[in-house]
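Step one of this worksheet: look at the structure below.
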Amino acid sequence: MTDEPKAPGLMGAMQNNNDSSDSPGSGATVTKREVFDALRPIQDPEIRIGIVDLGLVYDAEINDNNEVKVKMTLTTPACPYGEMLIQMTHRAVEDIEAVTAVEVVLVWDPPWDPKEMASDLAKDQLGIW
């Protein structure tokens with residue numbers, strides 16, 4: 001994937017987590033697994049399945065300064081809960097102790113396809129088999 005444009009009004013620039021420099025363990029390195037684990041409890045309110053299991057979280061990039069960029073999509077471009085899911089994603093990653101900044105980028109390529117992107121658990125719950 002190339003750099004995708006941010007959806008206007010939904011994303012902001014990297015936002016600093018001002019508490020990270022004073023927190024114990026601020027020298028720790030954030031891992032992609034930690035990011036995905038932090039996002040796992042976030043559910044799409046209409047489907048009531050987690051955004052990670054649905055396959056809505058495409059990637060998490062972490063640089064040497066523990067700045068995290070999450071690339072995610074929504075079930076549809078007209079998702080009424082899009083802004084809320086993006087804010088919840090931002091907060092969940094920001095709460096990881098060593099994270100210094102968070103950016104959530106909304107992408108539409110590739111288009112979300114639950115048959116290809118959802119976990120087996122989500123496919124079972126959605127009746128896709």
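The values are calculated or read from the model by the stated rules, or taken from the named source; none is laboratory data. Predicted model only: the values in this text are computed from it and were never measured. Neighbour counts are summed over all protein chains in view; Cβ atoms, including those assigned to glycine, are modelled from backbone coordinates with ideal geometry.
In this structure, does ILE62 turn out to be aliphatic (A, V, I, L, M), modelled with pLDDT of 95 or more and more than 17 Å from GLU103 (Cα to Cα)? In short, no. Against the list (1) touching an Asp or Glu at 6+ places or on another chain (Cβ under 9 Å); (2) not in a loop (DSSP other than H, G, I, E, B), the condition THR75 fails is (2). Of the residues making up segment 86-125, those that are in a helix (DSSP H, G or I), in contact with a strand residue (DSSP E or B) (Cβ under 7 Å, 6 or more places away or on another chain) and among the aliphatic types (A, V, I, L, M) are ILE86, VAL93, ALA122. Scan segment 33-41 and give yes if some residue there is modelled with pLDDT under 95, out of contact with any Pro (no Cβ under 6 Å at 6 or more places or on another chain), assigned to a loop (DSSP other than H, G, I, E, B) and surrounded by 13 or more Cβ atoms within 10 Å (Cβ to Cβ), otherwise no. Checking segment 33-41: not a single residue is modelled with pLDDT under 95, out of contact with any Pro (no Cβ under 6 Å at 6 or more places or on another chain), assigned to a loop (DSSP other than H, G, I, E, B) and surrounded by 13 or more Cβ atoms within 10 Å (Cβ to Cβ). Of all residues in segment 44-58, those satisfying the criterion of being modelled with pLDDT of 95 or more and farther than 14 Å from ILE86 by Cα are ARG48, ILE49, ASP53, LEU54, GLY55. Scanning segment 42-72 for residues that are assigned to a loop (DSSP other than H, G, I, E, B) and either in contact with a Pro (Cβ under 6 Å, 6 or more places away or on another chain) or not basic (Lys, Arg) (or both) yields ILE42, PRO45, GLU46, ILE47, GLY55, LEU56, ASN63, ASP64, ASN65, ASN66.
Entry remark, segment 64-97: residues being among the polar types (S, T, N, Q), surrounded by fewer than 17 Cβ atoms within 10 Å (Cβ to Cβ) and within 18 Å of MET117 (Cα to Cα) number 1 in total.
For segment 53-63, the candidate set comprises residues that are touching a residue at least 40 places away in the same chain (Cβ under 8 Å) and under 9 Å from the mean Cα position of the chain (by Cα); within that set, the residue that is surrounded by the fewest Cβ atoms within 10 Å (Cβ to Cβ) is ASP59.
Among the criteria (1) without any contact (Cβ under 8 Å) to a residue 24 or more places away in the chain; (2) surrounded by 13 or more Cβ atoms within 10 Å (Cβ to Cβ); (3) aromatic (Phe, Trp, Tyr), the one TRP129 does not fulfil is (2).
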